[in-house]
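Contents: one structure, followed by commentary.
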Amino acid sequence: MSESKALPKAPMGRLKRWLLADVVEDVPGPQAKEGRSEQHSWWQVVCLTGVDYFSTLGYIPGIAALAAGALSPIATLFIVLLTLFGALPMYRRVAEESPNGQGSISMLERLLSFWKGKVLVLCLLGFVATGWLVTITLSAADAAVHVAENPLVSSFLHDREVLITLVLLALLGAIFLKGFKEAIGIAIIIVGAYLLLNLVVVGFGFYEIVTHPQTVDDWQRELFTNYGNPLLMVGASLLVFPQLALGLSGFETGVGMMPLVRGDEGDDPERPRGRIRNTRRMLTVAALIMSFYLITTSFVTTLLIPARELAPGGSANGRALAYVAHNYLGDALGTLYDLSTILILAFAGASAMAGLLNIVPRYLPRYGMAPEWARAIRPLVLVYTAVAVVVTIIFSADVDAQAGAYATGVLAMMSSAAFAVTLSAWRGGSRLLAIVFGLVTAVFFYALVANEIERPDGIVISLFFIGAIVATSLISRVYRSLELRQEHIELDETALRFIEEASHEGEIHIVANRRQAGDKAEYDNKETEQREDNHIPRNVPIIFLEVEVEDASEFEEVLEVRGVEVGGHKVMRAVSSVVPNAIAALLLHLRDTTGKTPHCYFGWTEGNPIVYLIRYILFGEGDTAPVTHEVLREAEPNPERRPAIHVGGR
């Protein structure tokens, strides 16, 4: 077996070398390392996920209390049950089937081939961009509001939410430009302090409830006065579910950061059992922590905060736990809790940024729908930060204006994950499991539809992101259509023998052929035709080359060439996503490995050139000869070293 060698790279300047230093790789092969060198213990990655996931404690208890009133603890219980018995098992399966950070999108990608699969992935990436980019901007904007409204802050910062948000976004971008290690280190401190302070607030809240049992009696009285029986309570609680589903936002981010989770020594890179086990542990611990705080904070805020204070304009609106901290722990601890909340909101975008950095580069560059630098981490950080700045300016750092898009992105991701897991279980023969996951899928789709009915602006913003991604992806695909797409080339022993025999005779002469019957008569007729049309002497040996298109929507590939003999004719056959680029790559490989200049012969193609152009872009075929020449011209600027293309016929 022969393999092509990588072409030498042009020297890079210091800035470019720094920008392209860290690259998100595809699933590595057996000889590659098990992911990037910067990997961490699973509990550390919990903290990076937690700055997004756990930060929702800042507003979920207040939303539940405002939306459900006395039913808030019951409605929150449904979220906890869905977390532990729906989302958690669902994403544990996603972690097993997609262990390199692609998430549920890769599962759906495997179910659909050709362009329909690529379009589905682009649409899902649009929802990913919506959810995670708006997570970055919304969290920073919410932190800015807490800063601007704090009475201890200088009056200069009052009504300066946009400026504060932009500073926080710049700080987040700088941390990720510095490296993942710094982001995780900060996340550990912030999440640890925030969870500890929440535990203190919850503990004092329950102490207050126990020492004042009248609060429990008042709550029970209100429940039965307003709803009468448990069935009505359950029904009313289910109606507010879409407003609380954002408390599930950490799961997709968690599996998106799987490449950061350290596995075991000797893990198979394509099936890293240690990383899968540790990621499942990470998801389980995060879900248990969040479930504990959801139930306890909901109970405390419902029983201790008057309804009028939770309403818009009330002192507990948007800051329910901070209200409890100030009123029951004093202003000193309350201010400390405020500071902790501001910090975790400011860095909540860190987990979303990490998720984007791990998932998007695994698709668009591989599809030829983004430039190669889109695999590098630092350029992507700059791009995402710039987009976040634009979104912040457009929405004037208004949290409410971005809430619909945030919910749409999160619920769409979780709905697609639930559907992927359901389909995977069904195809795997687990009918009962598929039915259970199907029910979870229905719940998430209900939440998504209900959210769009309530906040239609969310789907509008999501469609904008989807349209932008699809448009830029298609433009990039067309722009990169003449690139060499083959990562490397492998020839079997028979094909190597054909090349070696031909190179001993002098120059290598290859005739491109589109196989029909594949019998001796076909090759006899093709040889006679090409020798006549291209004036190939009878004594010059030729090798036929046949490239078949398998999936034209793919971009990068390994070109495997095998040799066969048919009635005395030597034939090399290969399968590729595109014919002209594969031929050009093989010709350059033969030039480099034999030191001889290959000659490739074609016949004229008849038909509308516009139609052939469309066929080339969409189906990998078309007017092969001129496109092959253009690919060679792009790859080898020196005409003296370029393989020769001959076209003959009448």
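The table below lists the values:
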{"read-out": "Subset tally (residues that are modelled with pLDDT under 80, among the small types (Gly, Ala, Ser) and under 18 Å from Tyr406 (Cα atoms)) for region 49-70", "value": "3"}
{"read-out": "Residues of region 522-578 that turn out to be under 45 Å from the mean Cα position of the chain (by Cα), open to solvent by 60 Å² or more (accessible area, probe 1.4 Å) and β-branched (Val, Ile, Thr), as a count", "value": "1"}
{"read-out": "Residue, farthest from the chain's Cα centre (by Cα), within region 449-490, restricted to residues that are aliphatic (A, V, I, L, M) and over 24 Å from Lys116 (Cβ atoms)", "value": "Ile489"}
{"read-out": "Lone qualifier among Leu439, Leu423, Leu382, Leu433 - being under 30 Å from Ile184 (Cβ atoms) and either open to solvent by 20 Å² or more (accessible area, probe 1.4 Å) or out of contact with any strand residue (DSSP E or B) (no Cβ under 8 Å at 6 or more places or on another chain) (or both)", "value": "Leu382"}
{"read-out": "Condition check for Val360: within 18 Å of the chain's Cα centre (by Cα), modelled with pLDDT under 75 and not in a loop (DSSP other than H, G, I, E, B)", "value": "yes"}
{"read-out": "Count of residues meeting criterion [open to solvent by 70 Å² or more (accessible area, probe 1.4 Å) and in contact with a strand residue (DSSP E or B) (Cβ under 9 Å, 6 or more places away or on another chain)] in region 502-518", "value": "3"}
{"read-out": "Among the candidates Ile459, Ile466, Ile499, Ile393, residue that is loosely packed, with under 15 Cβ neighbours inside 10 Å and in a helix (DSSP H, G or I)", "value": "Ile393"}
{"read-out": "So Ser416, is it surrounded by fewer than 18 Cβ atoms within 10 Å (Cβ to Cβ), at negative phi and of a type in the set (S, T, N, Q)", "value": "no"}
{"read-out": "Filtered residues of region 424-444 (kept if among the aromatic types (Phe, Trp, Tyr) and over 14 Å from Val94 (Cα atoms))", "value": "Trp426, Phe444"}
{"read-out": "Count of residues meeting criterion [assigned to a helix (DSSP H, G or I), modelled with pLDDT of 75 or more and farther than 14 Å from Ser55 by Cα] in region 225-254", "value": "15"}
{"read-out": "Every pair of residues 6+ apart whose Cβ atoms lie under 8 Å, when the first sits in region 602-629 and is more than 15 Å from Glu483 (Cα to Cα) and free of Cβ contacts under 8 Å to residues at least 24 places away in the same chain while the second is part of a helix (DSSP H, G or I) and open to solvent by 70 Å² or more (accessible area, probe 1.4 Å)", "value": "Asp623/Pro609; Asp623/Leu613"}
{"read-out": "Residue in region 119-137 that is open to solvent by less than 10 Å² (accessible area, probe 1.4 Å), within 20 Å of Ala350 (Cβ to Cβ) and touching a Lys or Arg at 6+ places or on another chain (Cβ under 8 Å) present", "value": "no"}
{"read-out": "Positions within region 546-604 being closer than 21 Å to Tyr523 by Cα and basic (Lys, Arg), in sequence order", "value": "Arg562, Lys570, Arg573"}
{"read-out": "Meets criteria (open to solvent by 70 Å² or more (accessible area, probe 1.4 Å) and under 24 Å from Arg362 (Cα atoms)) for Phe445", "value": "no"}
{"read-out": "Candidates Arg92, Arg110 - the one that is within 20 Å of Val360 (Cβ to Cβ) and either open to solvent by 10 Å² or more (accessible area, probe 1.4 Å) or among the acidic types (Asp, Glu) (or both)", "value": "Arg110"}
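Condition check ((1) more than 18 Å from Gly648 (Cα to Cα); (2) at pLDDT below 90; (3) not in a strand (DSSP E or B)) across all residues:
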position: Asn539; (1), (2), (3): yes, yes, yes
position: Met572; (1), (2), (3): yes, no, no
position: His589; (1), (2), (3): yes, no, yes
position: Glu606; (1), (2), (3): no, yes, yes
position: Ile610; (1), (2), (3): yes, yes, yes
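Condition check ((1) among the aliphatic types (A, V, I, L, M); (2) in contact with a Ser or Thr (Cβ under 8 Å, 6 or more places away or on another chain)) across all residues:
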| site | (1), (2) |
| --- | --- |
| Ser55 | no, yes |
| Gly58 | no, yes |
| Ala64 | yes, yes |
| Leu88 | yes, yes |
| Ala95 | yes, yes |
| Cys123 | no, no |
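The values are calculated or read from the model by the stated rules, or taken from the named source; none is laboratory data. Just so we're clear, the structure is a prediction, and the values are computed from it rather than from any experiment. Cβ coordinates were reconstructed from backbone atoms using ideal geometry, including for glycine residues, and neighbour counts include every protein chain displayed. Ligands, DNA and RNA are excluded from the accessible area calculation, which covers all protein heavy atoms including side chains. Shrake-Rupley method; radii C 1.70, N 1.55, O 1.52, S 1.80 Å.
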